[in-house]
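Below: one structure, written as structure tokens.
Just so it is clear, none of the values below were taken in a lab; they were calculated from the coordinates. Here the structure is a predicted model, which means the values were calculated and not measured. Methodologically, a virtual Cβ is constructed for each residue, glycine included, from the backbone with ideal geometry; neighbour enumeration extends over all protein chains shown.
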Amino acid sequence: MLPKLHLIIGWTAIISPLLHILSDFIEVFGGGYSASQLWLNYLAFLPIPFLMIGLHAFQRPRSGWMSLAGALFYGTSFIFFAGTTLYALVAKTVDYATLLEELGSIYTFHGGLMVAGGILLGIAVIIARVLPRWTGWLFILGVSLNLLFHLLAFPALSQLIGSIVRNIALVGMGVAILNRRKSV
């Protein structure tokens, strides 16, 4: 892999999740969606499909089919989620609970795709041992929390917990990529 590509993957794995966390905090402390928060969220979601393929490529050849499948499933779900952010902007949707109500099962389907992809990618990280194993475990924990909170019908706000856990895992992967690149 080209050295500059490592830098792009590493920095994207740090910046995009941090933007997403910032967007989540703005949503919570702002009492729901706002146009600026949704645009920030869109900027955070936009590179995720490419980032997932980059994380898979960084771990090759040790990553295997689970990494590729996980990257494709998770990345595909974020193509949809980026679209839902634009939908929320146009429809002037007030918060996450309303967005879920408006989009229904199609949103749930893509949430399931995200969970399946996150678990597969997390397992691949653990098995490949190219990225720190704890990041794979944390990624699995994050998507599992999202699934658990959905199945138990917790308030929509609880989804932020899983989101933050997933994003911390991605930041950890990005830092590991940048540190590994320095030592090569």
Given Cα pairs under 8 Å that are at least 6 residues apart, what percent is the relative contact order of the stretch 3-183? 29
How far apart, in nm, are the 7 Å Cα→Cβ label points at LEU148 and ARG129? 2.8
Tilt relative to the chain, helix 35-45 - C-alpha long axis, 0 to 90 degrees, to 10: 30
Listed highest first by mean packing, meaning other Cβ atoms within 10 Å per residue, what order do 168-175, 110-117 come in? 168-175, 110-117
Along the stretch 100-111, Karplus-curve 3J(HN,Hα) (6.51, -1.76, 1.60; θ = phi - 60°) to the nearest Hz, with x for Gly and Pro, reads 4, 5, 6, 9, x, 5, 5, 5, 4, 4, 5, x
I'd like to compare 72-78, 41-47, 126-132, 88-94: which one has the highest average count of other Cβ atoms within 10 Å, and what's the full order after that? 72-78, 41-47, 126-132, 88-94
Between LYS92 and TRP137, what length comes free when the chain is fully extended (0.36 nm per residue of separation minus the Cα-Cα distance, one decimal in nm)? 12.6 nm
Taking R0 as 22 Å, what's the FRET efficiency between ILE15 and ASN179 from their Cβ-Cβ distance, rounded to 0.05? 0.85
Given unit charges at Cβ for Lys, Arg (+) and Asp, Glu (-), the dipole magnitude of the chain about its Cα centre in debye, nearest 20, is 1020
Which label marks the calculated value of mean projected area of the Cα convex hull in nm², given the options [x] 9.5; [y] 11.1; [z] 10.3? [x]
